Amino acid sequence: MSAEFIDSLAVMLLALGMTTAIGGMYFLFSALGNEKRIEGLLMPAVGVGLFDFMSGFVMSFTWPLPSSYNMLFGDPLLMAGLLLMISAIAYYKHYDISSVSILLFFLGIYVIIEAVGIVNYHLESGDNLLAAMGLYIVDGIAAILSPIMYIDQKKGKIAYMIEAAILIIGTLIALFIGYTAIYGHLLDFIKYFP
């Protein structure tokens, strides 16, 4: 009896899009001073963060595909999920979550280094290169800029809005890649398992 291969990359990209969407909404609602909307993000943040953490963990340690996608995608997704859960729980407990932005800053540097690696080691090519570079660069920049959380929301309203816009762009890129991935993966599945 042989084990079937399951490619969860498309749903992980969907979850990454949800993660950056939650981050974008947090910065937008913070800029608008809408505490009630921020509180509404907490439960989805824990759920999506848990999925990111678990799927990133599994990918980091067991990914069977060639190349370095366990490090390239699994590792940052694992950390993003962990930080999203920590942020949501800390916010719920009324702790200051701005210190999480320092950890996101470090993750952003990691992701930018991965973007350089994508190019230098030819990990993506053709149409996939543009989308992958867009995803890694935009999300890396968003993470590097996240310490704007140390600025008071009223004084830093414009900075919060810019961060929200960057995260929404990252969301759109992740969703585009995820949706095209599921479409292509379905075709691959049909070819191998008619």
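The values are calculated or read from the model by the stated rules, or taken from the named source; none is laboratory data. Small disclaimer: the values here were computed from a predicted structure and weren't measured. Don't worry about glycine lacking a Cβ; one is built from the backbone with ideal geometry, like all the others, and counts go over all protein chains shown. Calculation scope for accessible area: heavy atoms of the full protein, side chains included, ligands and nucleic acids excluded. Shrake-Rupley method; radii C 1.70, N 1.55, O 1.52, S 1.80 Å.
Quick rundown of the values:
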quantity: Any hit, the stretch 33-42, residues being at pLDDT 90 or above, in a helix (DSSP H, G or I), open to solvent by less than 20 Å² (accessible area, probe 1.4 Å) and within 23 Å of I137 (Cα to Cα); calculated: no
quantity: Residue, surrounded by the most Cβ atoms within 10 Å (Cβ to Cβ), within the stretch 87-110, restricted to residues that are β-branched (V, I, T) and assigned to a helix (DSSP H, G or I); calculated: V100
quantity: Residue that is least open to solvent (accessible area, probe 1.4 Å), among those in the stretch 57-77 that are farther than 18 Å from I112 by Cα and part of a helix (DSSP H, G or I); calculated: M59
quantity: Hits in the stretch 27-43 (condition: out of contact with any helix residue (DSSP H, G or I) (no Cβ under 6 Å at 6 or more places or on another chain) and of a type outside the set (D, E, K, R)); calculated: L32, G33, N34, G40, M43
quantity: Boolean, A159 is without any contact (Cβ under 8 Å) to a residue 60 or more places away in the chain, closer than 22 Å to I22 by Cβ and over 18 Å from the mean Cα position of the chain (by Cα); calculated: yes
quantity: Flag for H122 being at pLDDT 95 or above and more than 21 Å from M12 (Cβ to Cβ); calculated: no
quantity: Those residues of the stretch 131-179 which are open to solvent by less than 70 Å² (accessible area, probe 1.4 Å), farther than 25 Å from L72 by Cβ and in a helix (DSSP H, G or I), in sequence order; calculated: I148, M149, A159, Y160, A164, A165
quantity: Some residue of the stretch 59-77 being over 17 Å from T171 (Cβ atoms), touching an Asp or Glu at 6+ places or on another chain (Cβ under 8 Å) and small (G, A, S); calculated: yes
